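Just below is one structure, and these are the notes that go with it.
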Amino acid sequence: MKDLKVGILGATGAVGRQMLTVLEERQFPVEELRLFAGSRSKGSRISCFGKEWLVEETDPERFRGLDLLLGAAENDIAMKYLPLAAEMGVQVVDNSSAYRLDPEVPLVIPEINPEDVGRTKGIIANPNCATIIALTAVGALHRYARIRRMIVSTYQAVSGAGKDGIDELLNEVSALSQGQKPEPKVFQYQIAYNLIPQIGGFNELLYSSEEMKMQNEGRKMLHDEKLLVNCTCVRVPIIRSHSESITLEFEREISPEKARELLAEAPGVKLWDEPNEGKYPMPLLTSDQDLVYVGRIRRDLSAPKELYDRSLSLFCCADQVRKGAATNAVQIAELLFR
Ligand code: A2P
């Protein structure tokens, strides 16, 4: 692979900074970096690849000549700038949700649907973090027995709301320890010693936008419009790594032993399933690394008799800033350029 000119839109945010670390760790062939942010970060410097790089206020003219632009900014900023980059012939990989369901834009998890990168017309979308973690965890099971229905409950870390989310949890813990009353700004309620069953706004069926992503993005990546997903997304007072409890109904029979055998070999997955030895996924265990840990694999005791042999429940955890965002985006870039 030739050395590439790489830009990052939103380079100073939680995901943008993690993208830089992942590019460096994976020895992505970077000839030049252009780091774009808002006006408040203009002129700051970030060290990466043994050099200091200047952060520029975003100016689309500076996209010209780039091979790759990684998007790590909010939807409105993505929509303002990324189509301009694609028009200039720059390959874009965007982490926002702006283009994920656009039929012209591939939505890709490299372990699940790598072939879809070939359909790019300039922009490829990186899926929602909880969706990346769930589908990476169940991808090998789906290939073997085909999932018909998923029931998912998520336990999502505060870093999913960016650096401000982490600061809010830490500040609240500190305030409470001094007998002060926290004043939530990022989350709807106090998140310290609490949990909040709302991430995003609710639709007419009273599912939140985060919950609908699991079904809508899952269907797109598995190329299966009939996939049924019931998801409940919950924000929990964890700094990093999302956890998910998943119950699956398959088209064909699959045993917990077969699931373990498949997951032991599955790309991007670490089987961590010896519950009697205290070995199961937990967010502290899975933070700051790239694998999706899967454990607690067992039958669904509530499945109707005729579906019992086609049912499984499991628990998975992964670092959502890495595999759920930055690492997945860099893996897509590797598929495109390697
Ligand atoms: P800045 O540091 O200047 O605010 P996060 O989601 O972690 O808060 O990160 C958001 C990223 O998007 C940051 O890098 C932020 O830069 C960047 N950003 C914010 N506003 C703009 C803008 N108007 N144009 C380009 N990037 C922006």
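The values are calculated or read from the model by the stated rules, or taken from the named source; none is laboratory data. All values derive from a computational prediction rather than experimental measurement. A quick note on method: Cβ atoms are made from the backbone with ideal geometry, for glycine too, and the neighbour counts reach across all protein chains shown. Side chains are part of the model used for accessible areas, which takes the heavy atoms of the whole protein and leaves out ligands, DNA and RNA. Shrake-Rupley method; radii C 1.70, N 1.55, O 1.52, S 1.80 Å.
When you check GLY139 against the structure, is it under 17 Å from CYS316 (Cα atoms) and either in a strand (DSSP E or B) or within 16 Å of the ligand (Cβ to nearest atom) (or both), yes or no?
So GLY139 does not fit the description; no.
Which residues, taken from the range 219-272, are polar (S, T, N, Q) and in contact with a strand residue (DSSP E or B) (Cβ under 8 Å, 6 or more places away or on another chain)? Let's see the steps before the verdict.
Of all residues in the range 219-272, those polar (S, T, N, Q) come to 230, 232, 241, 243, 245, 247, 255.
Across the range 219-272, the qualifying residues are ASN230, THR232, SER241, SER243, SER245, THR247.
Among the residues of the range 33-64, how many are open to solvent by less than 50 Å² (accessible area, probe 1.4 Å) and either among the aromatic types (Phe, Trp, Tyr) or more than 12 Å from the ligand (Cβ to nearest atom) (or both)?
The number of residues fulfilling the criteria is 6.
So how many residues does the range 149-189 have that are assigned to a loop (DSSP other than H, G, I, E, B) and out of contact with any helix residue (DSSP H, G or I) (no Cβ under 6 Å at 6 or more places or on another chain)?
11
When you scan the range 34-45, do you find a residue that is among the aromatic types (Phe, Trp, Tyr), over 19 Å from ASP164 (Cα atoms) and not in a strand (DSSP E or B), even just one?
The answer is no; no qualifying residue exists.
Can you tell me which residues in the range 277-330 are of a type in the set (Gly, Ala, Ser), part of a helix (DSSP H, G or I) and open to solvent by 40 Å² or more (accessible area, probe 1.4 Å)?
none
Answer yes or no as to whether LEU20 is open to solvent by less than 10 Å² (accessible area, probe 1.4 Å), in a strand (DSSP E or B), touching a helix residue (DSSP H, G or I) at 6+ places or on another chain (Cβ under 9 Å) and within 14 Å of the ligand (Cβ to nearest atom). Can you show your working first?
Working: open to solvent by less than 10 Å² (accessible area, probe 1.4 Å): yes; in a strand (DSSP E or B): no; touching a helix residue (DSSP H, G or I) at 6+ places or on another chain (Cβ under 9 Å): yes; within 14 Å of the ligand (Cβ to nearest atom): yes.
For LEU20, the condition - open to solvent by less than 10 Å² (accessible area, probe 1.4 Å), in a strand (DSSP E or B), touching a helix residue (DSSP H, G or I) at 6+ places or on another chain (Cβ under 9 Å) and within 14 Å of the ligand (Cβ to nearest atom) - is not met.
Could you tell me whether TYR189 is under 30 Å from LYS226 (Cβ atoms) and open to solvent by 20 Å² or more (accessible area, probe 1.4 Å)? Show your work before the answer.
On the way: under 30 Å from LYS226 (Cβ atoms): no; open to solvent by 20 Å² or more (accessible area, probe 1.4 Å): yes.
In short, no.
If I filter the range 65-92 down to residues being among the charged types (D, E, K, R) and surrounded by 12 or more Cβ atoms within 10 Å (Cβ to Cβ), which single residue comes out as farthest from the ligand (Cβ to nearest atom)?
ASP67
Conditions tested, residue by residue: (1) of a type in the set (D, E, K, R); (2) within 27 Å of LEU314 (Cα to Cα); (3) under 24 Å from the mean Cα position of the chain (by Cα); (4) more than 16 Å from the ligand (Cβ to nearest atom).
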site: SER159; (1), (2), (3), (4): no, yes, yes, no
site: GLY165; (1), (2), (3), (4): no, no, yes, no
site: VAL173; (1), (2), (3), (4): no, no, no, yes
site: GLN198; (1), (2), (3), (4): no, yes, yes, yes
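If I ask for residues that are touching a Leu at 6+ places or on another chain (Cβ under 9 Å), within 16 Å of LEU68 (Cβ to Cβ) and not in a helix (DSSP H, G or I), which ones from the range 100-131 would you list?
VAL108, PRO110, THR120, GLY122, ILE123, ILE124, ALA125, ASN126
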